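K.L.:
This structure is in structure tokens; I'll ask about it shortly.
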Amino acid sequence: MARPFFALLVLAARSLPFSATLRLSAAVSRAVYVLFPGTRAGLLENAGRILGPDSSAAERKRLARGVLESFARFLAELVAPPEKAPGRDVLETAIGREHFEAAAARGKGIIAATLHMGNYEIAAMGIASLLPNVAVVYNRERIEFLERVRSSRRREARLDEIVIDDSRFFAIEALRRLREGGIVLLAGDQVESRDGERFPFLHGEAPFPLWAARLSAASGAPIVPAFAVRDEGGRHRLHLEAPIFSEDREPRAIMEDLVRVFERYVRAHAGQWLMIRPFWV
């Protein structure tokens, strides 16, 4: 229901100065929070699971509004003209590049797993500059204009696309990339079009797909958790975590390690996790 509001923000951002776009994004997020009770309820439900049963209604409301504002800001950043878009130096300030190098040394390719957090497109484009043969596994955006802009930015960054909703066999293409020593990027909280398995996650159980773990088990490629989050000054920083190696383990055991990293980042950057639908079971 709130999608038309965000579509209007995307269209306006193409002609407004970036500073004005950021102000507009904040205003749009406030309007959506007030006008759409279903969206608001999902945000508050997630906030309760993140903050826990001892959190107050005011704390949950503050987090819910912060997530919505971060989501609107992400859209504004995505459609901003390339010369004004943030994150152009995200790789120069990356934290944990040694983890990426340790994963690359295995020669099995790399699975970079992230969340819809901060500006995950910046994370993808930063990683795409490290090695050739990089592809992102994703579902298309329903706002067609936004999808075109995003695909154009990815092409400029030499980032290929593997579309989940194009084929039941998307994993075969991803596996081929890894066996060629390439990088596959995917979001670990993307479960709309495939069933996930339940894992303990903060204050409850939540579904996560096993794609990353299955690809790792099949290819031997390590998983590098990667996140682009804003610091207190508003600057995006790319965080690369220690690689997770399959070591002949079952996919669920591999995924448990990854979910623990996800949990740590959601706890630390709850307002930047762009999950605006109910996530927990």
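K.L.:
Need one number: % antiparallel among DSSP beta bridges in segment 113-209, to the nearest 5. If you can, show how the numbers build up before the last one.
P.N.:
Values: 4 of 14 bridges.
Rounded to the nearest five, the antiparallel share is 30 percent.
K.L.:
Kindly identify segment 3-79 as rounded, prolate or oblate by the Cα gyration tensor criterion: order the square roots of the eigenvalues as a ≥ b ≥ c, call it rounded if a/c is under 1.5, otherwise compare a/b with b/c, prolate if a/b is larger, else oblate.
P.N.:
Numbers: a/c = 2.96, a/b = 2.26, b/c = 1.31.
Prolate shape, in that a/c is at least 1.5 and a/b is the bigger ratio.
K.L.:
Turning to a different aspect of this structure: Dipole size in debye (nearest 20) for segment 3-79 around its Cα centre, Lys and Arg Cβ +1, Asp and Glu Cβ -1? Mind dumping the intermediate values first?
P.N.:
Details: 11 positive and 5 negative charges, 33 e Å.
Using Cβ point charges on Lys, Arg, Asp and Glu, segment 3-79 gives about 160 debye.
K.L.:
Given the chain, what percent of its DSSP beta bridges are antiparallel, to the nearest 5?
P.N.:
Numbers: 11 of 28 bridges.
The antiparallel proportion sits near 40 percent.
K.L.:
Just add up the charged neighbours of residue 250: K/R +1, D/E -1, any other residue whose Cβ is under 14 Å from the Cβ of residue 250. Numbers along the way, then the final one.
P.N.:
Details: positive: 214, 249, 252; negative: 197, 247, 248, 256, 257.
In short, -2.
K.L.:
Return the sequence-ordered ³J(HN,Hα) values of segment 107-117 in whole Hz as given by the Karplus equation 6.51 cos²θ - 1.76 cosθ + 1.60 applied to θ = phi - 60°, using x for Gly and Pro.
P.N.:
Values, residue by residue: x, 10, x, 9, 9, 9, 10, 9, 10, 6, 10 Hz.
K.L.:
Suppose every K and R has +1 on its Cβ and every D and E has -1 on its Cβ; what is the size of the dipole of segment 194-255 about the Cα centre, in Debye to the nearest 20?
P.N.:
Working: 8 positive and 9 negative charges, 40 e Å.
The dipole magnitude comes to about 200 debye.
K.L.:
Could you compute the net charge surrounding residue 111? Neighbours are other residues with a C-beta less than 13 Å from the C-beta of residue 111; K and R count +1, D and E count -1.
P.N.:
Numbers: positive: 106, 108, 177, 179, 214; negative: 241, 257.
Residues close to residue 111 contribute a combined charge of +3.
K.L.:
Any chance you could list P(r) for segment 143-232, counting all Cα-Cα pairs in 10 angstrom bins from zero, rounded to whole %?
P.N.:
13, 38, 37, 12, 0
K.L.:
Per residue, how much space in cubic angstrom lies within the convex hull of the C-alpha atoms of the chain?
P.N.:
Working: hull volume 34.3 nm³, N = 281.
Considering the Cα atoms of the chain, their hull volume per residue is 122 Å³.
Every read-out reported here was derived from the displayed coordinates using simple, explicitly stated rules and does not represent laboratory data. Predicted, not measured: the structure shown is a model, and the values here were computed from it. Reconstructed Cβ throughout: ideal geometry from the backbone, glycine too, with neighbour counts over all protein chains shown.
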